[in-house]
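Visitor: To start, I am sharing the structure in question, which I have written as structure tokens.
Quick note: the coordinates plus some simple rules give every number you see, no bench work behind them. Everything numeric here is computed off the predicted structure, so don't read it as measured data. Cβ placement follows ideal geometry from the backbone for every residue including glycine, while neighbour counts extend to all protein chains displayed.
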């Protein structure tokens with residue numbers, strides 16, 4: 001996944017035109033590729049930065065994995081995700 005991140009997006013333009021033509025699809029795909037990695041990295045960094053005490057508190061209340069992520073990890077990571 002990190003390998004694809006190092007390829008400049010302008011280098012992908014000829015490939016996208018060859019594969020998908022000149023329509024809207026290559027444009028949308030290039031924008032999606034350009035925004036995916038920063039959002040992904042911010043999300044991972046934010047979730048890893050959530051206070052472990054909050055996660056322990058959620059476990060002590062008996063929250064399952066999905067509720068722990070939804071109710072504690074994602075809201076705690078929001079400042080990092082949105083920055």
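Visitor: Among the residues of segment 61-74, which ones are surrounded by 12 or more Cβ atoms within 10 Å (Cβ to Cβ) and assigned to a helix (DSSP H, G or I)?
Guide: Within segment 61-74, 67, 68, 69, 70, 71, 72, 73, 74 meet the criteria.
Visitor: Condition check: in contact with a helix residue (DSSP H, G or I) (Cβ under 7 Å, 6 or more places away or on another chain) and surrounded by 10 or more Cβ atoms within 10 Å (Cβ to Cβ). Does residue 47 satisfy that?
Guide: So residue 47 passes the test.
Visitor: Let me ask something additional. How do the helices (runs of 4 or more DSSP H) wholly within segment 1-60 filter down when requiring 3 or more residues that are under 15 Å from residue 73 (Cβ atoms) and touching a residue at least 12 places away in the same chain (Cβ under 8 Å): which remain?
Guide: Here the list reads 24-48, 52-60.
Visitor: What's the number of the condition residue 79 fails, among (1) touching a residue at least 24 places away in the same chain (Cβ under 8 Å); (2) assigned to a loop (DSSP other than H, G, I, E, B)?
Guide: Unmet condition: (2).
Visitor: Which condition breaks for residue 38 when tested against (1) within 15 Å of the chain's Cα centre (by Cα); (2) loosely packed, with under 10 Cβ neighbours inside 10 Å?
Guide: (2)
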